[in-house]
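Q: Can you keep this structure in mind? I'll have questions shortly.
The values are calculated or read from the model by the stated rules, or taken from the named source; none is laboratory data. Please read these numbers as outputs of a predicted model, since none were measured by experiment. All Cβ positions, glycine included, derive from the backbone under ideal geometry; neighbour counts span all protein chains shown. Protein only, heavy atoms only, side chains kept; ligands, DNA and RNA dropped before computing areas. Shrake-Rupley method; radii C 1.70, N 1.55, O 1.52, S 1.80 Å.
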Amino acid sequence: QVQLVESGGGLAQAGGSLRLSCAASGRTFSTMSWFRQAPWKAREFVAAIRWSSGTLYADSVQGRFTISRDNAKNTVYLQMNSLKPEDTAVYYCAAKGDFSFMTTGALYDYWGQGTQVTVSS
C-alpha cells in the first residue's frame with residue numbers, strides 16, 4: 001500500500017523557518033513535489049524534485065524554499081526560509097512515477113494528507 005505522510009507543519013513568524021518532511025512507503029517515485037492550498041484559493045505548485053535531484057520551483061518561493069530528497073529513506077523535504085504571511089496554507093506532498101508536467105497537480109498519482117503551515121505577521 002502506497003502512503004505519503006507529511007510532518008513538520010506549524011506556526012512561524014514572518015521571516016522565520018520551517019521544515020516539512022514527506023515519507024513515502026510502498027514504492028519509489030521519479031518525481032516528488034510539494035503543493036499548497038490557501039483558504040479560498042486553488043491549489044498551487046510549490047516545488048518538485050526528480051530522483052536524480054533535478055529541482056523546479058514556483059517563482060513565489062524561488063530563493064526562499066529548498067526541496068531535497070533522501071532516496072535511501074524515500075523521503076522528501078521542504079526547507080522554508082524567510083517565510084511570509086502569504087505562505088500560509090495547507091501543504092501537500094505529491095508523487096508520480098514519471099518526470100513530465102511536474103507542476104500539474106492533476107497528473108500526480110499519490111497525495112499526502114496535508115500539513116498546515118501558518119505564518120504570522
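Q: Across segment 75-101, what is the number of residues that are modelled with pLDDT under 95 and open to solvent by 20 Å² or more (accessible area, probe 1.4 Å)?
A: Number satisfying all stated conditions: 5.
Q: Checking the conditions here, which among 21, 33, 68 is open to solvent by less than 10 Å² (accessible area, probe 1.4 Å), of a type in the set (S, T, N, Q) and in a strand (DSSP E or B)?
A: Of 21, 33, 68, the one residue that is open to solvent by less than 10 Å² (accessible area, probe 1.4 Å), of a type in the set (S, T, N, Q) and in a strand (DSSP E or B) is 33.
Q: May I ask you to verify whether residue 11 is modelled with pLDDT of 95 or more, of a type in the set (A, V, I, L, M) and surrounded by fewer than 19 Cβ atoms within 10 Å (Cβ to Cβ)?
A: It is true that residue 11 is modelled with pLDDT of 95 or more, of a type in the set (A, V, I, L, M) and surrounded by fewer than 19 Cβ atoms within 10 Å (Cβ to Cβ).
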